[in-house]
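Below is one structure, written out as structure tokens; comments come after it.
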Amino acid sequence: MSRSFPNLDEYINSVRLEFEDKLGQFVEIPTISMEPERRPDIERGGDLAVDFLKSVGVEAEKAPTAGYPCVIGHLIRDKNYPTVTVYNHLDVQPANPEEWESKKPFTFFNKDGRYEGRGTTDDKGPALTALYAVRYAVENQIPLNFRFLWELEEEIGSPNFDLFLKNRKEEFNTNSVVVSDTIWINRQKPAVPYGLRGLLTFTLNLETGSKDVHSGLVGGAARNPIGELSKIIAECYDASTGEVKIPGFYDDAVAVTEEQLQSFLAAGFDVDRFIKVYGFNSIRFSSAADVLKAIMSRPTFEVHGITGGYSGIGVKTIVPHQAQAKISTRLVPNMDGKKTFELIKDFIEKRNPDIKVNFLSAAPPYLGHFDGPFADAAREAMQFAFGETPAFTREGGTIGACVSMQKYLNAPLIFLGLSLPEHGYHEPNENYDWQQASGGIKMFVKYFDKISKLK
């Protein structure tokens with residue numbers, strides 16, 4: 001029988017103003033890991049995070065890595081208690097002010113419990129939500145120890161997290177890990193992901209001359225690198241279906257089972273709403289099952305940008321001398337990034353040996369379980385807080401740190417995210433809201449209570 005939670009609702013209401021103040025402080029430090037000139041802001045963000053952890057009794061430090069620091073904390077109350085590690089990231093995506101309604105992405109706006117600003121939902125708001133649940137758990141004697149891993153390089157693929165955790169894994173002896181950096185499919189139906197796609201990024205570079213030249217003088221005879229890159233990309237995949245045409249690309253991919261697909265569908269996915277939320281005119285598929293398979297369990301080939309030539313106003317009739325395409329693939333369980341890269345590289349270079357295929361980064365996919373005692377605790381916690389039994393899904397994105405934690409901590413990972421599609425992950429006008437934050441505090445408290453009984 002679960003212990004009662006005295007005055008939990010009163011506690012949640014009492015911390016709202018403090019929560020909003022701390023979230024505002026977090027958001028107004030532009031911890032953009034993608035921009036090297038933001039290093040002082042990253043350091044300031046880490047210092048503030050240490051202060052927030054210390055304010056609830058956590059022994060915290062800003063620990064150096066080969067890149068940006070990692071904020072770590074320990075709250076070991078009794079060596080006989082189970083221990084849970086709380087992972088979040090505090091770095092954020094860049095933001096173009098011209099794309100935001102406020103024109104101020106790093107100014108915190110509280111619009112009657114709707115919190116706008118870069119990082120509110122990804123991932124500073126959920127991090128603070130978990131922290132306030134930890135505070136309640138400690139004040140109300142839930143028998144659990146807590147560790148914190150708050151990363152500052154997640155948005156650039158966690159390049160130094162693996163070595164950092166490997167070198168300090170003895171400090172993170174833990175019974176489980178909880179991650180709150182995932183998204184529900186809709187507000188009415190909670191979701192607990194148990195898998196993430198991996199990510200491979202690379203560029204295609206082609207140089208056919210030493211300068212841009214007038215097409216009236218050379219057009220028809222000169223090679224056009226943008227055209228040639230476009231041709232090879234079209235040979236790699238079918239843009240109308242997303243199907244990759246490179247032989248062997250799907251050989252190692254593990255297909256989704258019917259049971260898993262039905263669990264995805266139980267999350268309440270609606271195709272029309274998906275189109276509206278993400279601002280599409282149309283998408284490749286009309287059925288919910290096909291869309292969910294595509295975004296949760298199928299590998300991808302995506303073109304993120306092609307540069308080269310003239311991009312100003314009007315048409316400047318030159319033939320460009322060089323071009324670059326920026327490409328990624330999302331990897332599903334059993335796919336290896338380096339192996340997939342070599343497959344793609346070999347395919348392209350055999351067809352156009354002048355194209356240079358340059359590896360940038362790879363993060364492996366993650367796959368956990370949606371059964372067992374920790375999954376049961378997650379299911380009960382979501383039901384307790386939000387009044388709905390969650391669906392167990394997978395996510396199409398990547399959290400590189402999860403594979404490292406799975407490897408070195410030897411403990412189950414549970415994803416208790418709180419973000420919604422309309423919160424705008426990586427998008428203009430990113431936001432979070434008190435409804436999710438207050439429910440999230442309640443959810444984490446229930447989850448901590450349940451896992452405190454697991455030995």
ALA437 meets each of (1) of a type in the set (Gly, Ala, Ser); (2) surrounded by 23 or more Cβ atoms within 10 Å (Cβ to Cβ); (3) in a loop (DSSP other than H, G, I, E, B) with one exception, condition (3)
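Select from the stretch 84-121 the residues that are among the β-branched types (Val, Ile, Thr) and closer than 20 Å to GLN436 by Cβ and write down the one among them that is surrounded by the most Cβ atoms within 10 Å (Cβ to Cβ).
Step one: filter the stretch 84-121 for residues among the β-branched types (Val, Ile, Thr), giving 84-86, 92, 107, 120-121.
With closer than 20 Å to GLN436 by Cβ added as a condition, the list becomes 86, 92, 120-121.
Working: VAL86: 25, VAL92: 31, THR120: 29, THR121: 29.
The selected residue is VAL92.
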The lone condition SER263 fails out of (1) over 23 Å from GLY368 (Cα atoms); (2) in contact (Cβ under 8 Å) with a residue 60 or more places away in the chain; (3) of a type in the set (Ser, Thr, Tyr); (4) not assigned by TED's automatic domain parsing to the domain that holds LEU343 is (1)
- request: For VAL315, indicate whether it is surrounded by 17 or more Cβ atoms within 10 Å (Cβ to Cβ) and assigned by TED's automatic domain parsing to the domain that holds ARG223.
  value: no
From the option list PRO373, PRO364, single residue qualifying as closer than 30 Å to GLY417 by Cα and in contact with a Gly (Cβ under 6 Å, 6 or more places away or on another chain) is PRO364
Residues of the stretch 185-213 being among the aliphatic types (A, V, I, L, M) and assigned to a loop (DSSP other than H, G, I, E, B), in sequence order, are ILE185
ARG284 vs (1) assigned by TED's automatic domain parsing to the domain that holds ALA221; (2) at pLDDT 95 or above: all pass except (1)
Conditions (1) assigned by TED's automatic domain parsing to the domain that holds ASP91; (2) buried (at least 21 other Cβ atoms within 10 Å of the Cβ); (3) within 30 Å of ASN186 (Cβ to Cβ); (4) touching a helix residue (DSSP H, G or I) at 6+ places or on another chain (Cβ under 9 Å) -> SER404 fails only (3)
In the stretch 270-305, anything closer than 27 Å to LEU200 by Cα and assigned to a loop (DSSP other than H, G, I, E, B) is listed as TYR278, GLY279, PHE280, SER282, ILE283, ARG284, PHE285, SER297, ARG298, PRO299, THR300, PHE301
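If you check ILE306, ILE313, which single one turns out to be over 14 Å from PHE249 (Cβ atoms), free of Cβ contacts under 8 Å to residues at least 12 places away in the same chain and out of contact with any helix residue (DSSP H, G or I) (no Cβ under 6 Å at 6 or more places or on another chain)?
ILE313
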Apart from one, (1) more than 21 Å from ALA437 (Cβ to Cβ); (2) surrounded by fewer than 19 Cβ atoms within 10 Å (Cβ to Cβ); (3) in contact (Cβ under 8 Å) with a residue 60 or more places away in the chain all hold for LEU196; the odd one out is (2)
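The values are calculated or read from the model by the stated rules, or taken from the named source; none is laboratory data. The model shown is predicted, which means the values in this text are computed figures rather than measured ones. Please note: Cβ atoms are built from the backbone with ideal geometry, for glycine as well, and neighbour counts cover all protein chains shown.
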